[in-house]
Amino acid sequence: MPICIECRHPVKTLWREGAGDKAGGHNIRLTVCKNCGRFCDKYVEHDFVVLFIDLVLIKPQVYRHLLHNTLMKDDDEFAPSIIRLGVLLLLFDVYLTWARIERQSVPAADDGDPAALNNNNGSLSRLAQQPIVFQYLFFLLLCTLSTVAFHGSIRFLTSSRYSPLALLNILPQYSRPNSVSTALLVSSSTKLFPILMVIWEYDVPAAARSLGWAVVANNVEALKILLGCSYGVAALLATAGALSRWAMGRAVLWAAGLEGVDSAGESSVAEEGRALGAMLMYARDWAGRLAVG
């Protein structure tokens, strides 16, 4: 059953036919929610560009529109558009991971020291000497297994009867695991931003860090809206998924002899923690100044 995206009250219909121009597609009248008095779903009349912008802005209403009123099916099957989005995100992830790992060998190569390159990045240089198809298949396997680990861990924690969160009564068992993956895929749409690398060249590791935080924030919001849980539980789920993705990536790289390579393109945990702390302090100061006037 669809819901009002403003107050989450269940409604029968989101729109009804009016007396407008049917040929021009202007014969739709939005349903007004009896609970809050606002339109049940204003995004029915909005195009994809508006939806994507509001996704980037992490507006809860657009997530409710997509997850509850558009993409979720009664039989918990993936919508065709979600399958296409998942494939697109995977291909972008392959490209970014490949670019980040290749960038790590650039400083050693620029120094003109083949011995250092062979000692520190010997396996990476051997991989680079392989046919391009073999390299692509390797990074495709790496990203596929990492994505499966990410989704699988969160699906287990939310939908399995053996989930520790369910056993401890922290989070009720959710009976629609494919809807969980749908929420994660939709909230990961910001991964498509690196397409701007085609136009502007920028620091890939720095972009990966910024993009990573944006994706995590969207994942947390999507899980909170879908599961009806607190931000703490949603953040716990997103963290568990990120750790599973990292562990799987490290395992694949270790098996390939690339244990010294950083597939995530991130700096140390301590540096990331300091960056997050500085960002939170800046947000607090900005909010304080805004409240003062």
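Throughout, read-outs are computed from the coordinates displayed, never taken from laboratory work. Bear in mind the structure is a predicted one, so any value in this text is a computation, not a measurement. All Cβ positions, glycine included, derive from the backbone under ideal geometry; neighbour counts span all protein chains shown.
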Taking the simple approach of a point 7 Å from Cα along Cα-to-Cβ for both GLN135 and GLU45, what is their distance in nm? 5.1 nm
Straight-line reach only, C-alpha to C-alpha below 21 angstrom: list the lysines that LYS73 could link to, leaving out same-chain residues fewer than 8 apart. LYS12, LYS42, LYS224
Quick one: if you stick a label point 7 Å off each Cα along the C-beta vector at ARG29 and ILE58, how many nm between them? 3.9 nm
Full-extension gain between TYR231 and GLU77, please, as 0.36 nm times their residue separation minus the C-alpha to C-alpha distance. 52.8 nm
How far apart, in nm, are the 7 Å Cα→Cβ label points at TRP15 and ALA256? 4.6 nm
Residues with amide H under 5 Å from that of ILE28, placed H, sequence gap 5 or more: GLY18
Kirkwood Rh over alpha-carbon pairs of segment 121-160, then Stokes-Einstein at 20 °C and 1.002 mPa s: what D in µm² s⁻¹, rounded to an integer? 181 µm²/s
In whole percent, the Cα-Cα distances of segment 1-103 spread across 5 Å bins from 0 upward as 2, 11, 15, 18, 18, 14, 8, 5, 4, 3, 2, 0
